[in-house]
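Below is one structure; the comments refer to it alone.
No value in this document is a laboratory result; all are computed from the given coordinates. Please read all numbers here as calculations on a predicted model, not as lab measurements. Cβ sites come from the backbone with ideal geometry, for glycine too, and all protein chains shown count toward neighbours.
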Ligand code: IPD
């Protein structure tokens, strides 16, 4: 295609920063504007206003792009192979509502349903992760000026030394919920208990920032089932351009689609495939979502 990815990247960085001003000015309460499916699936007026701003700005510059966004998604909508801006205006809505500053604006471009540009911006810490396919993946924040990811020379991947991000998600009952709980237990438990005894598991509450944490090398892996294409599209390119890999949260599928809703991301490093197999061996069953 004749789309200049670097140019799209630069424009989306600008859009994310403008969107960031709405997000940091917001004063949402713990009673959010709308609850989508239950009392923990939150949406605020900020999410909706931010998505409108992003759509307007992107349409002005790229009128031919399709658009998929968390707040305008309708069940049954499917991802087109045409160039599509996939956006989560506020990834980490629960954090925003509680004023925990781990929140991002996540803007991804997919072509042929594959992520090719990604911008993830935390406006509270002014942390910007971004990437374009073939160009690399970068971090700019108050202490780094456009440094390439990963930040350090990665050590070989080892499960018993790993820091792993997971998320509980907003479905708190049923088959997949039980598999998550059991998988978290397996990752943490000592070998006598049949576990992997990773250094720790973390649940920070933004899928996009979790993927960027893996891209940077702060986290060794991130496992989640139940999030959506807009949670992962931007972070996906950032991770891949940093030498990381993203596979299915269910064992066996090395090439999941971006909208399959089950993800296991691992950082760059020796033993990457072996590490994925080891993580999979602790997944407590087949997740149904997706
Ligand atoms: C959520 C966050 C959270 C993840 C959920 C997502 P939202 O996105 O990324 O970490 O566990 O699955 O839906 O709702 O804050 O945009």
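Below 8 Å between Cα atoms, with a sequence gap of 6+, how large is the relative contact order for the range 171-290 in percent? The partial results should precede the final answer.
Numbers: 196 pairs, mean separation 33.6, N = 120.
Contact order relative to length: 28 percent.
Regarding the range 117-175, what whole-number volume in Å³ per residue does the convex hull of its Cα atoms give?
Working: hull volume 10.8 nm³, N = 59.
Per-residue hull volume (Cα only) is 184 Å³.
Against the empirical 2.2 N^0.38 Å scaling, what ratio does the C-alpha Rg of the chain come to? Before the final figure, lay out each step's value.
Values: Rg = 18.0 Å, N = 290, 2.2 N^0.38 = 19.0 Å.
Ratio of Cα Rg to 2.2 N^0.38 Å: 0.95.
For the range 75-147, compute Rh as the Kirkwood radius over C-alpha pairs and then the Stokes-Einstein diffusion coefficient at 20 °C and 1.002 mPa s; write the answer in µm²/s, rounded to an integer.
Answer from the Stokes-Einstein relation: 159 µm²/s.
Which angle between 0 and 90 degrees, to the nearest 10, do you get for helix 45-61 versus the longest principal axis of the chain when only C-alpha atoms count?
Once rounded, the angle reads 60 degrees.
Need the full-extension length gain, residue 277 to residue 161, defined as separation in residues times 0.36 nm minus the C-alpha distance. One decimal, nm.
Values: separation 116, 0.36 × 116 = 41.76 nm, distance 1.57 nm.
Between residue 277 and residue 161, full extension yields 40.2 nm more.
Angle, helix 272-281 long axis vs. longest principal axis of the chain, Cα atoms, 0 to 90°, nearest 10?
The answer is roughly 70 degrees.
Calculate how many DSSP beta bridges within the range 159-281 are antiparallel, expressed in % of all such bridges and rounded to the nearest 5. Provide the component values of the computation, followed by the final result.
Values: 8 of 14 bridges.
If we restrict to bridges inside the range 159-281, about 55 percent are antiparallel.
Report the residue, chosen from 239, 209, 163, that carries the largest GNM mean-square fluctuation when the chain is represented by alpha-carbon nodes joined by springs under 10 Å.
Sorting by GNM fluctuation, first place goes to 163.
Counting other beta carbons within 10 Å of each residue's own, what order do 271, 21, 261 fall into, fewest first? Walk me through the numbers on the way to the answer.
Details: 271 15, 21 12, 261 21.
Fewest-to-most ranking of 271, 21, 261: 21, 271, 261.
What is the distance in Å between the Cα centres of the range 170-209 and the range 36-69?
30 Å
Given contacts defined as C-alpha pairs under 8 Å and at least six residues apart, what's the relative contact order of the chain, whole-number percent?
Details: 655 pairs, mean separation 49.5, N = 290.
17 percent.
For helix 175-188, report the angle its Cα long axis makes with the longest principal axis of the Cα atoms of the chain; keep it between 0 and 90° and round to the nearest 10°.
With both axes taken from Cα atoms, the answer is about 60 degrees.
For the range 112-162 and the range 231-264, what is the centre-to-centre distance using only Cα atoms, to the nearest Å?
Measuring centre to centre over Cα atoms gives 15 Å.
Gain in length, residue 181 to residue 2, computed as 0.36 nm per residue apart minus the alpha-carbon separation, to one decimal in nm? Spell out each step's value before the answer.
Numbers: separation 179, 0.36 × 179 = 64.44 nm, distance 4.58 nm.
The span from residue 181 to residue 2 would gain 59.9 nm if fully extended.
Please report 192, 277, 66, 224 as a ranked list, fewest other C-beta atoms within 10 angstrom at the top and most at the bottom. Intermediate values should be presented prior to the final figure.
Numbers: 192 7, 277 11, 66 14, 224 24.
Going from least to most buried by this count: 192, 277, 66, 224.
Using Cβ contacts closer than 10 Å as the measure, can you line up 145, 178 from fewest to most?
On the way: 145 9, 178 12.
Fewest-to-most ranking of 145, 178: 145, 178.
Quick one: what Rg and Dmax do you get for the range 217-290 from the alpha carbons, in Å?
11.4, 31
Roughly what % antiparallel, to the nearest 5, for the DSSP beta bridges in the chain? List each step's numbers first, then the result.
On the way: 37 of 47 bridges.
Counting DSSP beta bridges with both partners in the chain, the antiparallel share is about 80 percent.
How large is the convex hull of the Cα atoms of the range 181-254 per residue, expressed in Å³ as a whole number?
Numbers: hull volume 7.6 nm³, N = 74.
It is 103 Å³ per residue.
Got the relative contact order for the range 5-148 handy, in percent, Cα pairs under 8 Å and 6 or more residues apart?
It rounds to 22 percent for the range 5-148.
Rounded to whole Å and sorted largest first, what semi-axes of the equivalent ellipsoid does the C-alpha gyration tensor of the range 5-148 yield via the square root of 5 times each eigenvalue?
Values: eigenvalues 114, 81, 30 Å².
In descending order the semi-axes read 24, 20, 12 Å.
Tell me, in nm to one decimal, what length is gained between residue 100 and residue 38 on full extension, where the rule is 0.36 nm per residue of separation less the Cα-Cα distance?
Numbers: separation 62, 0.36 × 62 = 22.32 nm, distance 2.10 nm.
Taking residue 100 through residue 38 to full extension adds about 20.2 nm, to one decimal.
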